[in-house]
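Asker: Can you keep this structure in mind? I'll have questions shortly.
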């Protein structure tokens with residue numbers, strides 16, 4: 001295939017066929033096509049878009065660029081969830097073990113945080129000893145024993161996505177819907193799922209800023225999933241204020257533990273059950289009961305132990321990772337909390353060190369915010385609105401203006 005002609009056709013708006021898309025992805029993954037030509041292709045897609053057929057072909061080619069998970073005949077239904085990312089989104093930590101209680105297999109391949117949105121792997125790695133790097137054989141063995149494994153993307157799963165995403169990140173082509181869809185769905189479909197639920201978020205703390213954008217993305221994601229034979233559903237969820245009452249890493253693990261032990265913020269419980277209902281066999285009442293009676297908690301503990309984590313640290317995780325500087329942000333006047341801007345809180349968490357400004361940044365597990373109050377609550381002057389956990393006075397001072405600008409009490 002003549003690569004310049006392939007790029008030229010997409011540049012000029014032609015529809016590419018599945019065979020040439022597959023050949024391009026094969027060649028790029030193998031190192032036969034240089035980054036500068038892949039960059040030109042990504043930019044052509046950015047400006048020209050892709051048809052549903054092209055997007056499906058790109059997803060399929062990326063999925064088959066490496067291994068896909070295989071399961072023995074007669075194994076339980078394989079289910080998973082994907083969130084497009086938000087602030088304080090620790091739902092996966094609760095949802096994965098909960099679904100495993102329903103005699104389902106949950107082979108959850110997660111990612112790291114980048115920008116203002118947190119990553120499930122970073123939260124899991126705040127648990128001392130927790131290993132997210134299981135081989136495909138280890139993952140299958142753990143699914144057979146426990147029904148759940150929470151891991152990172154291996155070298156052999158969707159290598160094309162790893163290469164193409166890194167390229168998009170430095171060529172201003174990340175916000176391209178066809179490339180987003182192919183990136184998300186190639187990884188999820190490589191899990192060989194039977195059912196998938198998508199949590200597509202919109203608002204200041206999400207990648208998609210408006211509901212209309214979220215609808216468009218959710219529709220495209222679900223269409224690819226169904227085309228590939230996966231029962232795919234979605235929820236559209238607002239992300240204008242943080243989810244739950246914490247944002248960070250160890251702080252979010254602590255809140256997930258609360259939820260798994262029958263407590264936790266109501267918005268976290270509601271969203272977890274809303275998503276679980278989409279892929280579970282059990283009714284909502286039974287799912288809620290497993291959260292209340294400790295069944296889901298026991299499953300989570302078993303998973304942590306199986307993946308090398310110190311389960312005894314779970315209930316003292318904020319002591320294991322304790323930030324030395326704690327500061328309460330209080331209401332400057334009496335009134336009602338009308339705004340707790342998720343985007344602003346997310347940027348503050350990055351400034352504290354809880355997130356990454358670039359992929360090579362390291363994460364501070366201890367820092368973030370807790371005791372975040374909900375929009376609509378009434379406060380008197382001096383009442384606390386949230387608590388900042390910082391590594392130093394300097395990082396506190398960097399984050400404080402961002403947090404103050406994110407809050408409105410009127």
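Asker: Expressed in whole Å with the largest first, what are the equivalent ellipsoid semi-axes of segment 322-409 derived from the C-alpha gyration tensor as the square root of 5 times each eigenvalue?
Answerer: The three semi-axes for segment 322-409 are 24, 13, 10 Å.
Asker: Determine the distance separating the Cα centre of segment 312-336 from the Cα centre of segment 185-213; give it in Å without decimals.
Answerer: Cα centroid of segment 312-336 versus Cα centroid of segment 185-213: 30 Å apart.
Asker: Now, a different point. Taking the DSSP beta bridges in segment 79-315 as the whole, what percent of them are antiparallel, to the nearest 5?
Answerer: Approximately 5 percent, going by the DSSP bridge assignments.
Asker: Here is a further query. Compute the Rg to Rh ratio over segment 290-337 from the alpha carbon atoms, using the Kirkwood formula for Rh, and round to two decimal places.
Answerer: Working: Rg = 17.6 Å, Rh = 14.1 Å.
Answer for segment 290-337: 1.25.
Asker: Please provide three numbers in whole Å: the alpha-carbon extents of segment 196-338 along the principal axes, with the largest listed first.
Answerer: If we take the Cα atoms of segment 196-338, the spans are 50, 45, 28 Å.
Asker: With springs only between Cα atoms under 10 Å apart, run a GNM on the chain and tell me which of 74, 368, 49 wobbles the most.
Answerer: Result for the chain, Cα springs under 10 Å: 74 fluctuates most.
Asker: Can you give the direction-averaged projected area of the convex hull of the alpha-carbon atoms in segment 367-410, in nm²? Don't skip to the answer; put the middle values down first.
Answerer: Details: hull surface 13.4 nm².
In nm², the orientation-averaged hull projection of segment 367-410 is 3.3.
Asker: Once you have the alpha carbon radius of gyration of segment 3-63, what is it after dividing by 2.2 N^0.38 Å, with N set to its residue count?
Answerer: Scaled against compact globular proteins, the figure is 1.00.
Asker: May I pose another question? Could you work out the mean projected area of the convex hull around the alpha carbons of segment 44-128, in square nanometres to one decimal?
Answerer: 8.6 nm²
Asker: Using mean Cβ contacts within 10 Å as the protection proxy, how do 126-133, 103-110 order, highest first?
Answerer: My ranking of the peptides, most packed first, is 103-110, 126-133.
Asker: Treating each Cα of segment 79-315 as an identical point scatterer and ignoring solvent, apply the Debye formula and state log10 I(q)/I(0) at q = 0.13, 0.14, 0.16 Å⁻¹.
Answerer: Those come out to -0.74, -0.87, -1.19, one per q.
Asker: While we're on this one: Run the helix sum for the chain: -39,500 (n - 2.57) per DSSP H stretch of 4+ residues, divided by residue count, reported at 222 nm to the nearest 500 deg cm²/dmol.
Answerer: Computed ellipticity for the chain at 222 nm equals -14000 deg cm²/dmol.
Asker: Hey, can you rank 7-17, 75-85 by average C-beta count inside 10 Å, highest first?
Answerer: 75-85, 7-17
Asker: Mind telling me which of 165, 28, 36 comes out most flexible in a GNM of the chain, alpha-carbon contacts under 10 Å?
Answerer: Evaluated over the chain, the most mobile residue of the options is 36.
Asker: For the chain, take the longest principal axis of its alpha carbons; what is the angle in degrees between that and the long axis of helix 342-352, to the nearest 10 within 0 to 90?
Answerer: Helix 342-352 sits at roughly 80 degrees to that axis.
Asker: If you project the alpha carbons of segment 80-186 onto their three principal axes, what span does each projection cover, largest first, in Å?
Answerer: That works out to 43, 30, 26 Å along the principal axes.
Asker: With a Förster radius of 45 Å, plug the Cβ-Cβ distance of residue 53 and residue 392 into 1/(1 + (r/R0)^6) and report the FRET value to the nearest 0.05. Present the calculation step by step, with values, prior to reporting the outcome.
Answerer: Values: r = 53 Å, r/R0 = 1.18.
Computed FRET efficiency for residue 53 and residue 392: 0.25.
Asker: Given R₀ = 25 Å, what would the calculated FRET efficiency be for residue 155 paired with residue 223, taking r from the Cβ atoms and rounding to 0.05?
Answerer: On the way: r = 29 Å, r/R0 = 1.17.
The value I calculate is 0.30.
Asker: Please list log₁₀ I(q)/I(0) at q = 0.17, 0.19 Å⁻¹ for segment 155-239, using the Debye equation with identical point scatterers on the alpha-carbon positions.
Answerer: -0.74, -0.90
Asker: As a test, work out the antiparallel percent of DSSP beta bridges whose residues both lie in the chain, rounded to the nearest 5.
Answerer: Looking only at bridges with both residues in the chain, the antiparallel portion is about 45 percent.
Asker: GNM on the chain, C-alpha springs below 10 Å: top fluctuator among 234, 327, 389?
Answerer: 327
Asker: Roughly speaking, what is the stretch gain from residue 383 to residue 2, that is 0.36 nm per residue apart minus the C-alpha to C-alpha distance, in nm to one decimal?
Answerer: That pair, residue 383 and residue 2, stretches by 130.5 nm at full extension.
Asker: Continuing with the same structure: Could you tell me how far the Cα centroid of segment 44-115 sits from the Cα centroid of segment 1-41, in Å?
Answerer: If we compute the Cα centre of each part, the gap is 25 Å.
Since every read-out is calculated from the coordinates, none of them should be taken as a lab result. For clarity, every value in this text was computed on a predicted model and none was experimentally measured. Positions of Cβ are backbone-derived with ideal geometry, glycine not excepted, and every protein chain shown enters the neighbour counts.
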